[in-house]
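The values are calculated or read from the model by the stated rules, or taken from the named source; none is laboratory data. Because the structure is a prediction, the values reported are computed rather than measured. Note that we place each Cβ from the backbone using ideal geometry, even for glycine, and neighbour counts take in every protein chain shown. Note: areas computed on protein heavy atoms with side chains; ligands, DNA, RNA excluded. Shrake-Rupley method; radii C 1.70, N 1.55, O 1.52, S 1.80 Å.
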Amino acid sequence: MCVARRLVWAAYAEEAFCEDRHHLMALDPRTKLYLVALANLLLFFHVDVVVESLTVLLLLLPLLGAGRWAAAVRFGCIYVLLLVGTWASTLDDGGSWLHMLGSLCVGIRMMMPCLIAGIYAFTTTTASQFVCALRRMRIPETIVIPCVVCIRFFPTIHDDYHQIRDAMALRGIAQGTFALLRHPAQSLEYILMPLLMNATGVAQDLSVAALTKGIGIRGPHTCHTEIRMHGIDWAWMVICTVPLALGIGGAW
């Protein structure tokens with residue numbers, strides 16, 4: 001992929017990948033970051049499964065409010081299956097393989113709140129909104145600039161991946177959804193290695209694009225994006241904090 005195409009994709013990545021749809025529940029970016037931190041606290045304190053399940057439900061509701069029904073249903077079904085796998089591992093007549101499966105389900109289940117909160121935050125927030133939120137929080141520019149580059153890095157890599165898959169399909173290599181699982185050597189040779197070699201160039205191009213827009217200039221910055229904390233933001237932060245607070249306090 002040429003440098004010009006990467007820069008053009010970087011300019012429009014926030015509209016193509018994030019898609020802030022302003023549906024029923026359009027939370028402020030700072031609220032989304034708070035939910036991400038709250039989900040990580042669940043993992044840190046290792047709360048009860050009841051608290052974890054209730055928090056997962058509260059984290060899925062903003063996804064529904066943002067119009068991402070498919071993602072919310074998918075994550076909800078996966079979490080329910082993990083709960084079933086965890087319960088099945090406690091059966092007395094289960095063999096050793098069932099206990100190993102239960103341990104795997106517990107590990108993935110504990111990561112689900114972080115995954116749901118992260119997916120919601122970074123797929124419904126544009127780069128400009130994220131920058132504005134970080135600057136409102138008085139975050140140093142040495143942290144803001146790498147964060148902006150990271151946000152636009154993954155959509156660009158996502159586009160490169162699809163370009164590679166299209167080129168492979170054109171040549172009749174690894175066709176089909178599960179073809180890469182059936183041929184792991186081809187996955188390593190034709191997909192992983194090109195992506196790793198291309199990642200350095202993509203990061204450099206995105207850094208240049210960000211600096212060209214003046215993001216590294218010292219002093220106060222203006223922003224066309226307007227963000228504001230509303231009542232739903234404060235209310236949702238409190239509602240999502242209550243289960244964790246009760247779990248840490250021993251109420252559950």
Just give me the residues in the stretch 224-252 being assigned to a loop (DSSP other than H, G, I, E, B) and not hydroxyl-bearing (Ser, Thr, Tyr), in sequence order.
His224, Glu226, Ile227, Arg228, Met229, His230, Gly250, Ala251, Trp252
Filtering the stretch 235-252 down to residues that are farther than 15 Å from Ala117 by Cβ and touching a residue at least 24 places away in the same chain (Cβ under 8 Å) yields Leu246, Gly247, Ile248, Trp252
So Val131, is it under 21 Å from Arg228 (Cα atoms), surrounded by 18 or more Cβ atoms within 10 Å (Cβ to Cβ) and at pLDDT below 80:
no
Over the stretch 48-71, the set of residues among the hydroxyl-bearing types (Ser, Thr, Tyr) and within 13 Å of Ala117 (Cβ to Cβ) is Thr55
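Working only within the stretch 164-185, note down all residues that are open to solvent by 80 Å² or more (accessible area, probe 1.4 Å), under 16 Å from Leu195 (Cβ atoms) and modelled with pLDDT of 75 or more.
Result: Asp166, single match.
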Among (1) modelled with pLDDT of 85 or more; (2) closer than 21 Å to Leu59 by Cα - the single one Phe122 does not satisfy:
(1)
